[in-house]
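Just below is one structure, and these are the notes that go with it.
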Amino acid sequence: MNILIIDDHGLFRAGLEQLLLSLDAKTTITSASSLSELNNADQNPNAIDLVLLDYHIPGANPVENIRNVRTSFPKSKTVLVSAETNSDAIVTAIDLGVSGFIPKRAEPNVLIAALQLVMVGGVYLPDEVTAHYQSLALDPQHTVLPKSPTIALTLRQKEVLRLAVNGLSNIQICEELNVTIDTVKAHLSNAYRALGVHSRTQAVIACHEFEGIFDS
């Protein structure tokens, strides 16, 4: 596996690299302190399987950093490893196509389990984010998650939804399924409506909460 680490703290980069190499010596790791440093390097974006990105790094605001990484490495899984604890920031990252958000305070075994989940197509969210949205779902003033969803998705809607919650952008879903962008948007809109959610992050949580969504 080829992993790219982007974090402006050298000590953390070194520690994370050693942890990953201790699990699989065949892993190839490239690290950079910023996106600008990475842009100056000779890096093949198609060779990277996983990008581990800090939420706060120099060069741009966090949202722009995520968008730049997702654009530069469209075929890679992107996971944020950060000290950021704001649930809304984490939700925004997932909505931008990030496949996971791992707190820097997480134990090594949690980080490894989260990365394993991501690499098989899952999305990792910290417990506090899931708990935050579950608490909102109990508030009658919010409609974050459905309490008793009636899920009736077509096979194509399930395909599109599965790819979306696995971190693929709408354009990537178009390429994967050979359909137009308008078709993808329509399927996602209908799937979100069936789930009673309004965003990709809410769909991730809903798919986690309600087993059997993707069953035929």
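The values are calculated or read from the model by the stated rules, or taken from the named source; none is laboratory data. Bear in mind that the values here come from a model prediction, so they are computed numbers and not experimental data. We place every Cβ from the backbone using ideal geometry, glycine too, and count neighbours over all the protein chains shown.
The table that follows gives values for the structure above.
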quantity: Residues within the stretch 20-35 that are assigned to a helix (DSSP H, G or I), surrounded by fewer than 16 Cβ atoms within 10 Å (Cβ to Cβ) and modelled with pLDDT of 80 or more, tallied; calculated: 2
quantity: Members of the stretch 69-103 found to be in a loop (DSSP other than H, G, I, E, B) and either under 11 Å from the mean Cα position of the chain (by Cα) or aromatic (Phe, Trp, Tyr) (or both), listed by number; calculated: Phe73, Ser76, Leu96, Gly97, Val98, Ser99
quantity: Restricting the stretch 182-208 to residues that are of a type in the set (Val, Ile, Thr) and modelled with pLDDT under 85, the residue that is nearest to Arg67 (Cα to Cα); calculated: Thr201
quantity: Subset of the stretch 1-19 [assigned to a helix (DSSP H, G or I) and touching a residue at least 40 places away in the same chain (Cβ under 8 Å)]; calculated: Phe12, Leu16, Leu19
quantity: Subset of the stretch 39-68 (residues that are part of a loop (DSSP other than H, G, I, E, B) and free of Cβ contacts under 8 Å to residues at least 24 places away in the same chain); calculated: Asn40, Ala41, Asp42, Asn44, Asn61
quantity: Identity of the residue in the stretch 169-190, over 19 Å from the mean Cα position of the chain (by Cα) and among the aliphatic types (A, V, I, L, M), that ends up surrounded by the fewest Cβ atoms within 10 Å (Cβ to Cβ); calculated: Ile181
